[in-house]
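Below you'll find the structure, written out as structure tokens, and then a few comments.
Computed from the coordinates by the stated procedures, all read-outs in this text should not be read as laboratory data. It should be emphasised that the depicted structure is a prediction, and the values quoted were computed from it without experimental measurement. Cβ: placed from backbone, ideal geometry, glycine included. Neighbour counts: every protein chain shown.
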Amino acid sequence: MEKPRWASRISKRTILVIINLMKVIIELFGASRDFSDQNSLELDIENGSSIKDVRNKILDYLDINFKGNENFIKIVNSSAFCSNDNIISDNYKITNNEKIAIIPPIGGG
Amino acid sequence: MLHTKIKNIKDRKLSIVEAEKFISSSDFGASIFFSGTVRNQNNNKSVIGITYDSHDSLVIKSFEEIYNEADKKLGIKDKAVFIEHAKGYLNLGEVSIIIAVACKHRDEAYILSRYIIEEIKKRSPIWKKEHYQNNEADWLKGNPIQYEKN
């Protein structure tokens, strides 16, 4: 059977990159709610990515969608992240389809 | 004895009467009621209301941790504590938080009440969006939550 034309254009490296991706869902709270009309962002990240990588991915997303809005960048850089009701460190490794929350600077009461 | 709740203001308002009911006991000789309300001015701007946002489960966890710390850090073992925080849009004068504490003696009650509100301000993931007269609104800057970077 002949391969479809598009198949010949995909390099081995491209296939590897595609296979190597996973999804992360970022729940938005506080000031980060302005990042989207939805309550969360869904981002593609590489397998084995850490919170540090996710932070950079969010910055890329803001660059594309909000032309690098300075306030939004500040919010991301000063935010913590949370998984299963625990605040997690920048080295925390994400698993596929994991839901994490972004915790911008707080101030209730 | 601890009661905690995040109340969606659309469903029900915060109530001092409920707080009083929870903490009242003949075991305690001192009660303090603290309530936070929405005020009409902040940073020279006329405020007409505040939207409160919250990571509910993490906030409840932080309330429980603060309560448990009162044993170890403050040495206050016998106590009743009621903490409720509102979520959603609040008009001027509406109650955003109630902290009611009851202890054996007044010294403990004053210390505990103050400790709880200061720790909530530092640690509980709650956010405020102020609404102004000119139809504008702003999330307040707040303080970054402390965590281990590595």
For the range A:21-103, what Kirkwood radius comes out of the mean inverse Cα-Cα distance, in Å? 12.6 Å
Overall Cα dimensions of the protein assembly as shown - principal axes, largest extent first, Å: 86, 45, 31
Inter-chain shielding of B:121-128 (mean C-beta neighbours from other protein chains, 10 Å cut-off): 6
Beyond a 29 Å Cα-Cα separation, which of these cross-linked pairs lie in this structure: B:K79/B:K129; A:K57/B:K10; A:K23/B:K7; B:K87/B:K141; B:K5/B:K79; B:K77/B:K122? B:K79/B:K129; A:K57/B:K10; A:K23/B:K7
Rounded to a whole number, the mean other protein chain Cβ count within 10 angstrom for residues of A:79-91 is 4
Unit charges on C-beta of K, R, D, E only; dipole of chain B, Debye: 180 debye
Between B:E94 and A:E46, the two model label points (7 Å from Cα along the beta-carbon direction) sit apart by a distance in nm of 4.8 nm
If you take the beta carbon distance between A:L59 and A:N84 as r and set R0 to 22 Å, what does 1/(1 + (r/R0)^6) give as a FRET efficiency, to the nearest 0.05? 0.35
Among the trypsin sites (Lys or Arg not before Pro) within the range B:71-150, which fall in a DSSP loop and have no more than 12 other Cβ atoms within 10 Å of their own Cβ? B:K77, B:K149
Just to be sure I follow: if Rg is taken over the C-alpha atoms of the range B:2-135 and Rh is the Kirkwood radius over the same atoms, what is Rg/Rh? 1.00
Once you place label points 7 Å from the Cα toward the Cβ at B:D56 and A:N97, how far apart are they in nm? 2.3 nm
What's the average, rounded to a whole number, of partner chain beta-carbon atoms within 10 Å of each residue's beta-carbon in B:134-146? 5
The relative contact order of the range B:35-150, taking Cα pairs under 8 Å that sit 6 or more residues apart, comes to a percentage of 35 percent
